[in-house]
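See structure below.
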Amino acid sequence: MSTELKNFSMDFFKLDGKVAIVTGGNTGLGQGYAVALAKAGADLLISTHGTNWEETRELIKETGRKVEFVQADLTKKEDREKVVKRCMEVYGKIDILVNNAGTIRRTPLLEYKDEDWQAVMDINLNALYYLSKDVANIMVNQEAGKIINVASMLSFQGGKFVPPYTASKHAVAGITKAFANELACHNIQINGIAPGYIETANTAPIRADKNRNNEILSRIPAAKWGQPFDLMGAIVFLASRASDYVNGHILAVDGGWLVR
């Protein structure tokens, strides 16, 4: 035991030589995840729905790491395959997958349209499942890997006006646990991050609603909204050797929201 304790090093948090895919890694929380992984030493492939990636490219370039961008609609099988194929062509392996891409549509339950339900489930749940499965096959052959799913406070709660988002994020937590049960024996760790109320474009409508904003702040023990920066340490931990015995866990980064 004493030898193991002596062998622990802060190098366990480094990602030198690792390759990470981050979906939706060009804006918001995804951008924060991508930059954090690069700062820790990883090279990246970032899938995006659009082509607005120049800012993210510059941020990663400053770290000295490599980055490749692929425009893809992850609800389409051929686009998911394109992302995986391109990463293998450029880097020859996939060590880390961050399933960050997602969407949300706010409408009262009784007015919710079928097409909005399907659109949210297709990207938040179905794309995550299929991409994770494809990447897991590669990681099994490598005998190592990290899959990090982006969950939500609504993986634990019901929310309002977002029934498919809530359903999808509950399912993300479940898939995380199911994959962990089957892949842990292959030295693959599958965990989730559940961001609390973070200042991003997605939460702008809530923050603009004075009453709702005050309701949220009054429940957060930290008494403030989080920033994308607040999630950067968590993503590095779950992607690194330091978390090798953490599996099937949903890590809440929420300023204490869930304990109030």
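Please treat every number below as a calculation from the coordinates, not as lab data. What you see is a predicted model; the values in this text were computed from it and never measured. Methodologically, a virtual Cβ is constructed for each residue, glycine included, from the backbone with ideal geometry; neighbour enumeration extends over all protein chains shown.
I'm trying to understand the selection: among the residues of segment 163-215, which are of a type in the set (Val, Ile, Thr) and either out of contact with any helix residue (DSSP H, G or I) (no Cβ under 6 Å at 6 or more places or on another chain) or in contact (Cβ under 8 Å) with a residue 24 or more places away in the chain (or both)? First the steps, then the outcome.
So in segment 163-215, the residues of a type in the set (Val, Ile, Thr) come out as 166, 172, 175-176, 188, 190, 193, 198, 200, 203, 206.
Within segment 163-215, VAL172, ILE175, THR176, ILE188, ILE190, ILE193, ILE198, THR200, THR203 meet the criteria.
Answer with yes or no whether ALA167 is at negative phi, part of a helix (DSSP H, G or I) and crowded, with 19+ Cβ neighbours inside 10 Å. Reasoning before the result, please.
Working: at negative phi: yes; part of a helix (DSSP H, G or I): yes; crowded, with 19+ Cβ neighbours inside 10 Å: no.
Judged against the criteria, ALA167 is not a match.
Do the conditions hold for ALA194, that is, is it out of contact with any His (no Cβ under 6 Å at 6 or more places or on another chain), in a strand (DSSP E or B) and not basic (Lys, Arg)?
On the way: out of contact with any His (no Cβ under 6 Å at 6 or more places or on another chain): yes; in a strand (DSSP E or B): yes; not basic (Lys, Arg): yes.
For ALA194, the condition - out of contact with any His (no Cβ under 6 Å at 6 or more places or on another chain), in a strand (DSSP E or B) and not basic (Lys, Arg) - is met.
Could you name every one of the helices (runs of 4 or more DSSP H) located completely within segment 34-132 that has at least 2 residues being more than 28 Å from ALA171 (Cβ to Cβ)? Talk me through it step by step, then tell me what you get.
Working: elements: 54-61, 77-91, 114-121.
The helices (runs of 4 or more DSSP H) meeting that bar are 54-61, 77-91.
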All-but-one check, GLU115 against (1) closer than 14 Å to SER47 by Cβ; (2) surrounded by fewer than 18 Cβ atoms within 10 Å (Cβ to Cβ); (3) charged (D, E, K, R), failing number (1)
If a residue has to be assigned to a helix (DSSP H, G or I) and either free of Cβ contacts under 8 Å to residues at least 40 places away in the same chain or in contact with a Leu (Cβ under 9 Å, 6 or more places away or on another chain) (or both) to count, how many in segment 133-152 make the cut? 7
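Looking at this structure, is ASP43 among the charged types (D, E, K, R), touching a residue at least 12 places away in the same chain (Cβ under 8 Å), in contact with a helix residue (DSSP H, G or I) (Cβ under 9 Å, 6 or more places away or on another chain) and buried (at least 21 other Cβ atoms within 10 Å of the Cβ)? It would help to see each step written out before you state the result.
Details: among the charged types (D, E, K, R): yes; touching a residue at least 12 places away in the same chain (Cβ under 8 Å): yes; in contact with a helix residue (DSSP H, G or I) (Cβ under 9 Å, 6 or more places away or on another chain): yes; buried (at least 21 other Cβ atoms within 10 Å of the Cβ): yes.
For ASP43, the condition - among the charged types (D, E, K, R), touching a residue at least 12 places away in the same chain (Cβ under 8 Å), in contact with a helix residue (DSSP H, G or I) (Cβ under 9 Å, 6 or more places away or on another chain) and buried (at least 21 other Cβ atoms within 10 Å of the Cβ) - is met.
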Segment 190-204, residues that are surrounded by 16 or more Cβ atoms within 10 Å (Cβ to Cβ) and either out of contact with any Gly (no Cβ under 8 Å at 6 or more places or on another chain) or under 16 Å from ASN137 (Cβ atoms) (or both): ILE190, GLY192, ILE193, ALA194, THR203
Which of the residues that make up segment 181-203 are among the small types (Gly, Ala, Ser), farther than 21 Å from LEU97 by Cβ and touching a Ser or Thr at 6+ places or on another chain (Cβ under 8 Å)? ALA201
Residue list for segment 1-33, restricted to those being touching a residue at least 12 places away in the same chain (Cβ under 8 Å) and in a loop (DSSP other than H, G, I, E, B): LYS14, LEU15, ASP16, GLY17, LYS18, GLY24, GLY25, ASN26, THR27
Against the condition in contact (Cβ under 8 Å) with a residue 12 or more places away in the chain, small (Gly, Ala, Ser), under 23 Å from ALA194 (Cβ atoms) and in contact with a helix residue (DSSP H, G or I) (Cβ under 9 Å, 6 or more places away or on another chain), how does ALA72 come out, does it pass? no
Hey, can you tell me all the residues within segment 225-245 that are touching a helix residue (DSSP H, G or I) at 6+ places or on another chain (Cβ under 7 Å) and surrounded by fewer than 17 Cβ atoms within 10 Å (Cβ to Cβ)? PHE229, ARG241
